[in-house]
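Participant: Structure below; questions to follow.
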Amino acid sequence: MIIKINENGYVESPFIRDATIELEVTDEQLEQISTFSFNTNWRYLNGEFVLESLMDNDSLRARRQRECFNIIDNRSQLWWNRLSEEEKTELDVWYRAWLNVTKTKVIPNKPIWLN
């Protein structure tokens, strides 16, 4: 399947209308990039697709507070003690990605096990 991206790697969408570069993708990649939430768009970077925010920094900070800090801050020490080393590592990577969201514009995927 062929999709179009623009010079910055953004996939053609209602938000991105200047995509003229054709890129061949697999069925799995097409399925991945076929959905995105409001104010986000897929971008092709370094050979892979990442979901980036189109929001301004204040909006990203508010989303980080809601989706990350509120979860992290509301956990007791008992909860933290029950995490495996793998879960702690995964949580740390996710948290650091949120700390850098205003620079990267990439919305990190929440660990599946984290509710």
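Participant: Charges on Cβ only, +1 for Lys and Arg, -1 for Asp and Glu, centred on the Cα centroid of the range 57-104; of TRP98, TRP80, ASN57, which one is farthest towards the dipole's positive end?
Facilitator: Value: ASN57.
Participant: Quick one: putting +1 on the C-beta of Lys and Arg, -1 on the C-beta of Asp and Glu, what dipole do you get for the chain around its Cα centre, in Debye to the nearest 20? Walk me through the numbers on the way to the answer.
Facilitator: Details: 14 positive and 19 negative charges, 140 e Å.
Charge dipole, the chain, about its Cα centre: 680 debye, nearest 20.
Participant: Still on this structure: Set Lys and Arg Cβ to +1 and Asp and Glu Cβ to -1, take the dipole of the chain about its Cα centre, and tell me which of PHE36, PRO111, THR26 lies farthest positive.
Facilitator: The Cα lying farthest towards the positive end belongs to PRO111.
Participant: While we're looking at this one, here's another question. Given Cα pairs under 8 Å that are at least 6 residues apart, what percent is the relative contact order of the chain? Can you show the working numbers first?
Facilitator: Numbers: 118 pairs, mean separation 21.7, N = 115.
Across the chain, relative contact order equals 19 percent.
Participant: Dipole magnitude of the range 1-69 about its Cα centre, charges +1 at Lys/Arg Cβ and -1 at Asp/Glu Cβ only, in debye to the nearest 20? Intermediate values should be presented prior to the final figure.
Facilitator: Working: 7 positive and 13 negative charges, 92 e Å.
The dipole of the range 1-69 has a size of about 440 debye.
Participant: Hey, which lysines would be in cross-link range of LYS88, C-alpha to C-alpha under 29 Å, not counting anything within fewer than 8 residues on its own chain?
Facilitator: Filter leaves LYS103, LYS105, LYS110.
Participant: Relative to the longest principal Cα axis of the chain, at what angle does helix 85-99 sit, 0 to 90 degrees, rounded to 10?
Facilitator: Between helix and principal axis, roughly 60 degrees.
Values in this text are rule-based calculations from the coordinates and carry no lab data. Because the structure is a prediction, the values reported are computed rather than measured. Virtual Cβ from ideal backbone geometry, glycine too; neighbours counted across all protein chains shown.
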